[in-house]
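The values are calculated or read from the model by the stated rules, or taken from the named source; none is laboratory data. Here the structure is a predicted model, which means the values were calculated and not measured. Methodologically, a virtual Cβ is constructed for each residue, glycine included, from the backbone with ideal geometry; neighbour enumeration extends over all protein chains shown. We work out accessible area using only protein heavy atoms, side chains counted, and drop any ligands, DNA or RNA first. Shrake-Rupley method; radii C 1.70, N 1.55, O 1.52, S 1.80 Å.
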Amino acid sequence: MRKLFLLSAVFSLAACNRSAPAPVAGGNPASAIPYSVEITRTEFGIPHIKAANFPSLAYGYAYAFAQDNLCVIADSYVTVNGQRSRFFGPDASYVFQGNGLTVNNLRSDFFFQQIIDEGRIEALLAQPPPAGPHPEVKQAVSGYVAGYNRYLRDVGIANLPDATCRGQPWVRPITEIDAYRRFYQLALLASSGVAFDGMFEAQPPAGAPTPGAAYSPAAVTEHLRKGFAELAIGSNAIALGKAATANGHGMLLGNPHFPWEGSERFYQVHLIIPGRVNVAGASLFGAPLVLVGHTESLAWSHTVSAAYRFTPFELTLVPGTPTSYLVDGQPEAMTAREVSVQALKPDGTLETRTRTLYSTRYGPMFSSIFGLPIFPWTPARAFALGDANAANFRYLNHFFEMNQAKTSDEALAVLERTQGIPWVNTIVSDRAGKALYADISVVPNVPDTLARTCGTELGQATFPAIGLPVLDGSRSSCAWARDADAVQAGTIGPANMPRLFRDDYVINSNDSYWLSNPEQPLTGFARIIGNVNAPRNLRTRIGIRMIREQLADGGKFTRQQLQDLVFNNRNYAGEIWRDMLVTMCRAYPGGTAMSSSGPVSVGGACDALAAWDLRDDLDSGGAVLFRRFASRLLGTQSLPQGSQGSQGLDPLIYLTPFNPVDAVNTPGGLNVLSPLVHQSFGDALADLNGADLPFDAPLRGVQFEKRGDEEIPIHGGPGTVGVFNAISANWVPGEGYPDIRHGSSYVQVVSFDDSACPDVRTILTYSQSTNPASPHYADQSRLFSNKQWVQPPFCEADVMAAAQSSLLLTE
């Protein structure tokens, strides 16, 4: 090991001599701060980064991360600098994988260029903590930028190992503001990030109202319900306390359901500053802090929260002047900003594209969300988007402090002090066995009374149905309220947000805070944070049921049993529907069901379902048929799955109605008299026929992830049908599920005992590197396919014993 270390150091110094440090435009000169860091890689390419201070630690993180994923993050820096049209053309689009929305390049560029022109990020950075970043956070960002640029100098853009971006003009050294723009993009993921199109399209009307500009509050509500339900973000997390574990210490399962492609992926890393920081886990691309992970005595994860991060404000416009609006009877002019971006022409030259964007005291003007123009700008009224995360860089401070926390009490104190979590719940356990759930995050301060008294006609429809207020912008009294303990004006203070300590367990699977532990329901919070006494999604229900089953009759969890829970692939919809579906199937006269395209033979479908093991394992025969049925059926209902509600009230699907006293087990049964049930089954049969699949087809060979020419079979299934190991892939007619979109990503099980070294198992389902030439492009994906786990070393002696390479970087 000593020889390996010295050899790596020699190579490092040689690289320095080949390319002397150069100043970075807009940032600190690379020679202004001395950096020294050791990067030790263990199995599966996991970097253990050790330094004496935060700048050097972030320097090493950036270097290691760039070795594995430079092309993807370089593409993101193009995005946040408003330059996609310049390099990729104005008519092309990209998928903002963090929320699953497809975004046109030109519209994206105008959004980010406006932020740049406003100097919005610079203004946030100028604020003192806690509103602005801690000085050590700023130093770490400087180190991150220097480490990223050092890698580019060492390798050379023309020699990058990933052909995706090798020699491309859009790959360049970055500045500190580039890094902060990426951080800001992540903060807006669940708020302004879903309205890029709407901000671009929001333009004052010219002349008479456009036909079709009128809208129905019920239709708008339904569209919003569906849009929020389909956002491609979610997660599960379970924190166990001392009363629920075999050894009497804490234990945690973190199971984020995040994209398998793009820049909102996780990168696994271990960060060490001796005597101050020892944290392992995963970060989102471009964020040099552990976002889900553990220290020596604390483990945490996050799940996407049910709370809204924005509210529309409905404006009453000044007659004859559609760019002015009334507040308390007085006219107020909108701010008009002419924004220009460079766009690539077909002949390879550039042209300037310009558009005027408008904003108000409440936020930017917008006219659509999720792609539908449901907030029209007419001569009489228009809409502005109030985004609570538009002023949030505090989440950097949160994770900086969380990476050094040791107990669940400290974790809660960090949440309350920084108030920076942008769109997730926090689930925590510690060595002492204290489990914590909290949704102390950035939420517009709209008490229920304010939502009701200030709700417009549209708000009177959206708020009771899905919890989203639409506020009257013509009254200053309808602005967001102020809590005395809130760091950011207009957001809910921590005293008015839900939290729960338990000695047994807390759980969240993207429903609201209400049943974080069903034995102690949480109530009394503003509706904008989430609902209560409403159906839970099937993933929430199966999670609670599995915990209850393990703890029944005095049972406890071991680390292995918690691992087994997450990948057992039980299909809860199958558990409550399968038997009734088989009975229905066998009653078809003449063995023929009716699909939307005509009659289809039942054949062996009934026997295939009867023999199915009710799991979404790779070799579970009948799993594909049931999934097609359940996915089609649940796709027919109007009630959502996910952040702002749950399926369950539609009597055309369920036999037993929802009962809030028994929310874990209701609604239930299958209404086999429903035409929707019969058509969904017939369509499922047609789907398999169209793909030339037998009715007893298992997932193996049908659901897979492509890595080059390799097709890696992937177990798990949609969370919407109650599979805890949520895996989302689009059905491709005639093919199956050939590409995983999102789902289980960085999965960790952390168990504490009396040792200083926690007992940890992890799996990064899509592997560590996005470079097809890397040995770590698919290695963990193959492990995941076989339900195998990684046991990453944490204590120093274990890291050194497991080291496969070591690199000393100095500058």
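Summary of computed values
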read-out: Flag for LEU350 being open to solvent by 60 Å² or more (accessible area, probe 1.4 Å) and touching a helix residue (DSSP H, G or I) at 6+ places or on another chain (Cβ under 6 Å); value: no
read-out: Unmet requirement for ALA686, which otherwise passes all of (1) open to solvent by 10 Å² or more (accessible area, probe 1.4 Å); (2) out of contact with any helix residue (DSSP H, G or I) (no Cβ under 8 Å at 6 or more places or on another chain); (3) within 30 Å of VAL269 (Cβ to Cβ); (4) small (Gly, Ala, Ser); value: (3)
read-out: Subset of region 316-336 [open to solvent by 40 Å² or more (accessible area, probe 1.4 Å) and touching a Ser or Thr at 6+ places or on another chain (Cβ under 7 Å)]; value: THR316, LEU326, ASP328, PRO331, GLU332, ALA333, THR335, ALA336
read-out: Set SER728, SER785, SER806, SER755: member being without any contact (Cβ under 8 Å) to a residue 24 or more places away in the chain and not acidic (Asp, Glu); value: SER755
read-out: Condition broken by LEU649, with the remaining ones in (1) at pLDDT 80 or above; (2) open to solvent by 40 Å² or more (accessible area, probe 1.4 Å); (3) of a type in the set (A, V, I, L, M, F, W, C) satisfied; value: (1)
read-out: Subset of region 432-461 that is open to solvent by 40 Å² or more (accessible area, probe 1.4 Å) and over 23 Å from THR221 (Cα atoms) - its residue that is farthest from the chain's Cα centre (by Cα); value: ALA432
read-out: Residue within region 488-503 that is of a type in the set (Lys, Arg) and either without any contact (Cβ under 8 Å) to a residue 40 or more places away in the chain or under 26 Å from VAL672 (Cβ atoms) (or both) present; value: no
read-out: THR762 vs. criteria open to solvent by 10 Å² or more (accessible area, probe 1.4 Å), in contact (Cβ under 8 Å) with a residue 12 or more places away in the chain and under 23 Å from the mean Cα position of the chain (by Cα); value: no
read-out: Every pair of residues 6+ apart whose Cβ atoms lie under 6 Å, when the first sits in region 272-283 and is closer than 17 Å to ARG41 by Cβ and open to solvent by less than 10 Å² (accessible area, probe 1.4 Å) while the second is of a type outside the set (S, T, N, Q) and part of a strand (DSSP E or B); value: GLY281/VAL292; GLY281/GLY293; ALA282/PHE266; ALA282/VAL292; ALA282/TYR746; SER283/TYR267
read-out: Those residues of region 95-139 which are open to solvent by less than 20 Å² (accessible area, probe 1.4 Å) and touching a strand residue (DSSP E or B) at 6+ places or on another chain (Cβ under 6 Å), in sequence order; value: PHE96, VAL103, ASP109, PHE110, GLN114
read-out: Identity of the residue in region 577-612, open to solvent by 40 Å² or more (accessible area, probe 1.4 Å) and among the β-branched types (Val, Ile, Thr), that ends up farthest from ILE238 (Cα to Cα); value: THR592
read-out: Selection status of MET546, closer than 30 Å to GLY250 by Cα, of a type in the set (A, V, I, L, M, F, W, C) and assigned to a helix (DSSP H, G or I); value: yes
read-out: Residue within region 44-61 that is open to solvent by 10 Å² or more (accessible area, probe 1.4 Å), on the phi > 0 side of the Ramachandran plot and part of a helix (DSSP H, G or I) present; value: yes
read-out: All positions within region 356-389 that are at pLDDT 95 or above and open to solvent by 60 Å² or more (accessible area, probe 1.4 Å); value: ARG361, ALA380, ARG381
read-out: Count of residues meeting criterion [in a strand (DSSP E or B) and closer than 30 Å to TYR358 by Cβ] in region 297-319; value: 9
read-out: Which listed residue is acidic (Asp, Glu), within 30 Å of ALA244 (Cα to Cα) and touching a His at 6+ places or on another chain (Cβ under 7 Å), from ASP617, ASP564; value: ASP617
read-out: Matching residues, region 521-541, being touching a strand residue (DSSP E or B) at 6+ places or on another chain (Cβ under 7 Å), surrounded by fewer than 22 Cβ atoms within 10 Å (Cβ to Cβ) and either of a type in the set (Lys, Arg) or within 16 Å of PRO444 (Cα to Cα) (or both); value: ASN531
read-out: Residue check, GLN168 over 25 Å from TYR777 (Cβ atoms), among the polar types (S, T, N, Q) and surrounded by fewer than 18 Cβ atoms within 10 Å (Cβ to Cβ); value: no
read-out: Residue in region 478-485 that is farther than 15 Å from PHE383 by Cβ and part of a helix (DSSP H, G or I) present; value: no
read-out: Residue identified as without any contact (Cβ under 8 Å) to a residue 60 or more places away in the chain, closer than 27 Å to LEU538 by Cα and among the charged types (D, E, K, R) among ASP798, ASP739; value: ASP739
read-out: Pairs with Cβ under 8 Å, 6+ apart, first in region 226-255 and at pLDDT 95 or above and open to solvent by 10 Å² or more (accessible area, probe 1.4 Å), second of a type in the set (A, V, I, L, M) and assigned to a loop (DSSP other than H, G, I, E, B); value: LYS242/ALA432; HIS249/ALA432
read-out: Unmet criterion (only one of (1) within 17 Å of ILE421 (Cα to Cα); (2) open to solvent by less than 10 Å² (accessible area, probe 1.4 Å)) for PHE313; value: (1)
read-out: From the options PRO518, PRO464, PRO469, residue that is in contact with a Lys or Arg (Cβ under 9 Å, 6 or more places away or on another chain), in contact (Cβ under 8 Å) with a residue 12 or more places away in the chain and either open to solvent by less than 10 Å² (accessible area, probe 1.4 Å) or not in a loop (DSSP other than H, G, I, E, B) (or both); value: PRO469
read-out: Qualifying residue in region 340-356 (condition: without any contact (Cβ under 8 Å) to a residue 40 or more places away in the chain, closer than 22 Å to ASP117 by Cβ, hydrophobic (A, V, I, L, M, F, W, C) and assigned to a strand (DSSP E or B)); value: no
read-out: Residue match in region 411-419 (condition: surrounded by fewer than 22 Cβ atoms within 10 Å (Cβ to Cβ), farther than 20 Å from THR462 by Cα, of a type in the set (A, V, I, L, M) and out of contact with any Ser or Thr (no Cβ under 7 Å at 6 or more places or on another chain)); value: yes
read-out: Conditions (1) part of a loop (DSSP other than H, G, I, E, B); (2) under 13 Å from ASN425 (Cβ atoms); (3) among the aliphatic types (A, V, I, L, M); (4) in contact (Cβ under 8 Å) with a residue 40 or more places away in the chain; number of the one not met by ILE507; value: (1)
read-out: Whichever residue in region 389-431 is under 18 Å from the mean Cα position of the chain (by Cα) and in a loop (DSSP other than H, G, I, E, B) and, among such residues, is farthest from ARG276 (Cα to Cα); value: TRP423
